[in-house]
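Novice: Handing you this structure, nothing more for now.
Readers should treat all values here as calculations from the given coordinates under stated rules, not as data from a laboratory. Being a predicted model, the structure only gives us computed values, none of them experimental.
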Amino acid sequence: MLRRIMEVFTLDKTETARLFGVTRQALEHWRRYGVPADRQAKLTTIFSIAELLERNLKPGVVPGVVRTRAPAYGGRTMLGLIEADEQGRLLESVRSSFDWAVSA
């Protein structure tokens with residue numbers, strides 16, 4: 001999942017480490033030996049966000065979308081919300097954005 005998140009969001013090691021609040025060295029350890037249990041919930045939530053965005057947006061636009069500041073996020077980016085451990089809120093926002101059953 002970690003590698004897939006990096007691909008979808010086009011993140012380098014430093015950016016990915018920042019999302020989780022760890023060093024690049026810790027991230028490299030995770031890549032080799034797995035993400036620790038206490039970080040699995042965050043990993044799964046971010047993965048869900050990445051999958052929703054990739055499935056519902058045109059190919060190649062996700063990296064730009066997650067880096068664009070939005071009024072709905074208090075002028076922050078999606079990546080900024082994740083860094084601030086607000087990925088649960090972000091997931092709900094992304095889900096509702098693509099809920100086609102809700103009328104406009």
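Novice: Let me have the relative contact order for the chain, percent, based on Cα pairs under 8 Å that are six or more residues apart.
Specialist: That works out to 28 percent.
Novice: Given a 10 angstrom Cα cut-off, can you work out which residue in LEU79, LEU91, LEU57 is the most mobile in a GNM of the chain?
Specialist: The residue with the greatest mean-square fluctuation here is LEU57.
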